[in-house]
Amino acid sequence: MTVKNILITGSSRGLGKEIAEHFLNNGCNVIGCSRSVGDIQHANYRHFQVDVASSDQVATLFFELRKEFKHLDAVINNAGVASMNAFALTPAKTFEKIFDVNVQGTFLFCQKSLGLLKKSPHPRIINMSTVAVPLQLEGESIYAASKSAVETLTKIIAKEYGYFGITCNAIGPSPVDTNLIRGVPKDKIAGMVKQQAIRRMATPADVINLVEFYLRPESSMISGQVIYLGGAS
Amino acid sequence: MKKADVQKIIFDAIEMANNLREDNEQIPIAEATALYGNDGYLDSMGLVSFLTDIEESLQDSDIMVSLSDERAMSQTQSPFRDVQTLTSYIDTLINESK
């Protein structure tokens, strides 16, 4: 892989950290961000402490980034929060938090990264959805609704940013063993996996494989797509 | 940054846009040039690209302003309609950000 500048949100743990480490090991420059301090130690890693839902903080991040990096090749909107709740018992605060991080965060990074992305020869945006959207999982109404919004953003951004040669796609991981689902009961996870064509939990490597596919220069005609792992649809 | 410097940045952005346009689609580099809306030279994505270039040039001068803020979108008379209105709008934003 030629050296790329890749921005990954939510890179301090879980899938985001795995993706960041993978691309660092492949010679890329990785810019990570999260609300917490990043603990990845690598010469080509730069961490920013940012609340992805804050328009001021995200604007400042890109202002700083432009001083160090003249372009970005990819933005991976990985930061996300989930909450298992029966719809009728979901507090309004939970709704706000999930939509702030998952939808507004994705919106802000897609919008603010345009200037740096359009200077790349193969610019890419990758957003994270979930199989909870096609599976319409009970107990995940707000999380799934927020990711439905992300999917619609992905498809419309793909059309608008196509003008600049930027592709925008999404990945819908089936359950991956990360912090995000640590609070989900085991039988719930097993029930989800049972609904997939490939009946196993996904690994970070499965997600990274798809990220690499979207990043390939040869994938320039692939945009506005959502690929679900495990064959859930 | 003086208003004349802002106008220079806008003219530079027009030049950048012209580099990607056909000879018969060149945007005149002048204060009265209509940019967006009736008789404007830019379509909506052309405007997005143009404003992004201007924001980045301002950032090179250590000025952080968002040209697509709520006020720009809610004004009945778009500040993006010609070079003169855009210059005044950016000048106002810069003064407010001080």
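The values are calculated or read from the model by the stated rules, or taken from the named source; none is laboratory data. Just so it is clear, the structure is predicted and the values come from calculations on it, not from any experiment. Cβ: placed from backbone, ideal geometry, glycine included. Neighbour counts: every protein chain shown. All accessible areas refer to the heavy atoms of the entire protein, side chains included, with ligands and DNA or RNA removed. Shrake-Rupley method; radii C 1.70, N 1.55, O 1.52, S 1.80 Å.
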Accessible area in the full protein assembly, largest first, 1.4 Å probe, for A:HIS42, A:HIS47: A:HIS42, A:HIS47
Length released on extending from A:ASN25 to A:MET221, taking residue separation times 0.36 nm less the Cα-Cα span: 67.9 nm
Segment A:ASP39-A:LYS93, extension gain: residue separation times 0.36 nm, minus the distance between their alpha carbons: 16.5 nm
Number of partner chain Cβ atoms within 10 Å, mean per residue of A:65-75: 1
Inter-label distance, nm, simple model (7 Å from Cα along the C-beta direction), A:ILE198/B:ASP62: 5.2
Centre separation in Å (Cα based) which lies between region A:108-145 and region A:69-93: 9
With all protein chains modelled, accessible area of A:TYR161 [1.4 Å, Å²]: 20
Point-charge dipole on Cβ atoms (K/R +1, D/E -1) for region A:5-231, about Cα centre, debye to 20: 120
Gaussian network model of chain A, springs between alpha carbon atoms under 10 Å - residue of A:ALA88, A:ALA202, A:ALA53 with greatest fluctuation: A:ALA88
MRE, 222 nm, helices only [DSSP H, n ≥ 4, -39500 (n - 2.57), over the protein assembly as shown, to nearest 500]: -13500 deg cm²/dmol
Residue-normalised accessible area of chain B, expressed per residue, 1.4 Å probe, Å²: 56
Flagged links, alpha-carbon separation over 27 Å, of A:LYS93/B:LYS98; A:LYS93/A:LYS147; A:LYS17/A:LYS188: A:LYS93/B:LYS98
DSSP beta bridges in the protein assembly as shown [antiparallel fraction, %, rounded to 5]: 5
FRET efficiency, 1/(1 + (r/R0)^6) with R0 45 Å, evaluated for B:ASP43 and B:MET1 via beta carbons: 0.95
Two-site FRET efficiency, A:PHE63 against A:GLN136, from Cβ-Cβ distance with R₀ of 56 Å, rounded to 0.05: 0.90
Calculated FRET efficiency for the pair A:THR152/A:SER54, C-beta based, R₀ 25 Å, to 0.05: 0.65
Of all accessible heavy-atom area on chain A, the percent that carbon and sulfur account for (1.4 Å): 53
Cα-Cα P(r), region B:3-97, percent of pairs per 10 Å interval: 16, 56, 26, 2
Region B:3-97 - percent of accessible surface contributed by carbon and sulfur, probe 1.4 Å: 44
Fluctuation leader among B:GLU22, B:GLU31, B:GLU56 - chain B, Gaussian network, Cα springs under 10 angstrom: B:GLU22
Translational D in µm²/s for chain A (Stokes-Einstein at 10 °C, 1.306 mPa s, Kirkwood Rh from C-alpha pairs): 90
Accessible area (Å², 1.4 Å probe, nearest 10) - A:PHE107: 90
Values of log10 I(q)/I(0), in the order q = 0.22 Å⁻¹, for region A:52-165 under a Debye, Cα-only, solvent-free model: -1.17
Heavy-atom accessible area ranking, 1.4 Å probe, most first, across B:MET64, A:MET128: B:MET64, A:MET128
Members of A:LYS4/A:LYS112; A:LYS4/A:LYS67; A:LYS118/B:LYS3; A:LYS97/A:LYS159; A:LYS118/B:LYS8; A:LYS97/A:LYS186 lying beyond 21 Å, as alpha-carbon distances in this model show: A:LYS118/B:LYS3; A:LYS97/A:LYS159; A:LYS118/B:LYS8; A:LYS97/A:LYS186
